[in-house]
1. I need the full set of residues from segment 43-72 which are at pLDDT below 95 and either exposed (fewer than 14 other Cβ atoms within 10 Å of the Cβ) or closer than 20 Å to Y118 by Cβ (or both), in order please.
2. What single numbered condition from (1) free of Cβ contacts under 8 Å to residues at least 40 places away in the same chain; (2) of a type in the set (G, A, S); (3) in a strand (DSSP E or B) fails to hold for G92?
3. Which of the numbered conditions does E107 fail, given that it passes all the others? Conditions: (1) more than 17 Å from the chain's Cα centre (by Cα); (2) surrounded by 14 or more Cβ atoms within 10 Å (Cβ to Cβ); (3) among the acidic types (D, E).
4. Which of (1) among the small types (G, A, S); (2) assigned to a loop (DSSP other than H, G, I, E, B); (3) under 18 Å from V36 (Cα atoms) does S62 not meet, given it meets every other one?
5. Among the numbered conditions (1) under 21 Å from Q7 (Cα atoms); (2) touching a Leu at 6+ places or on another chain (Cβ under 8 Å); (3) not polar (S, T, N, Q), tell me where F81 comes up short.
6. Please go through (1) part of a helix (DSSP H, G or I); (2) closer than 19 Å to V6 by Cα; (3) without any contact (Cβ under 8 Å) to a residue 24 or more places away in the chain for N153 and return the number of the only condition it doesn't satisfy.
7. Just wondering, is there one or more residues in segment 70-79 that are farther than 20 Å from D131 by Cβ and in contact with a Ser or Thr (Cβ under 7 Å, 6 or more places away or on another chain)?
8. Return the pairs, sorted by first residue and then second, in which the second residue is surrounded by 15 or more Cβ atoms within 10 Å (Cβ to Cβ) and part of a helix (DSSP H, G or I), the first residue lies in segment 121-147 and is among the charged types (D, E, K, R), the beta carbons are less than 8 Å apart, and the residues are 6+ apart or on different chains.
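The values are calculated or read from the model by the stated rules, or taken from the named source; none is laboratory data. Just so you know, these numbers come straight off a predicted model, no measurement behind them. In this analysis, Cβ positions are derived from the backbone assuming ideal geometry, glycine residues included, and neighbour counts consider all displayed protein chains.
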Amino acid sequence: MAELIVQCDEEEFDAALFSRCGGAACEADAPLSVEVVFTDAEGIRKLNADTRGKDAVTDVLSYPNLDGIFGKKIAKAEHPFDLDDEGNIFLGSIVICRERAAEQAEEYGHSLRREVYYLAVHGLCHLLGYDHETEEERAQMREKEEEILSAMNIGRDAQ
């Protein structure tokens, strides 16, 4: 378990809840920090085009700051140049598209709150080195996502 400091200016996003439950999924010898940013469809489309070469709207983008941390305890000594201004190990940034989150919540038949936290957790898993390119990776990532969402008490029917 690690302390996870969440930087997010979105009023409706409970950073303390995400911090507590997301931190439980991390292993580190120092506090970790993550940035969660919300944007509109045009903003995420532009980011996707500029950083991934995909000129399309997507639901969430993750920008990991650390490499090679999957399944490992994150040690501050191994990341001396990856610290934020407060000396926390900076995991990276998560960017969530408000419009796409709302569309997907309706499509999947659950609340916007549940979809937003799912996207944030999905992004956090990417920052921790999880991926979903193969079926095995997808299964590992889904298991971790469900573990975190369950700890947050956010099921598919969450309001």
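1. Passing the criteria: D67, G68, F70, G71, K72.
2. Failed condition: (1).
3. Evaluating E107 over (1) more than 17 Å from the chain's Cα centre (by Cα); (2) surrounded by 14 or more Cβ atoms within 10 Å (Cβ to Cβ); (3) among the acidic types (D, E) leaves (2) as the failure.
4. All conditions are met except number (2).
5. Failed condition: (2).
6. (1)
7. Looking for residues that are farther than 20 Å from D131 by Cβ and in contact with a Ser or Thr (Cβ under 7 Å, 6 or more places away or on another chain), one finds none in segment 70-79, hence no.
8. As it stands, the answer is D131/M141; K144/C125; E145/Y118; E145/V121; E145/H122; E145/C125, since those pairs meet every condition given.
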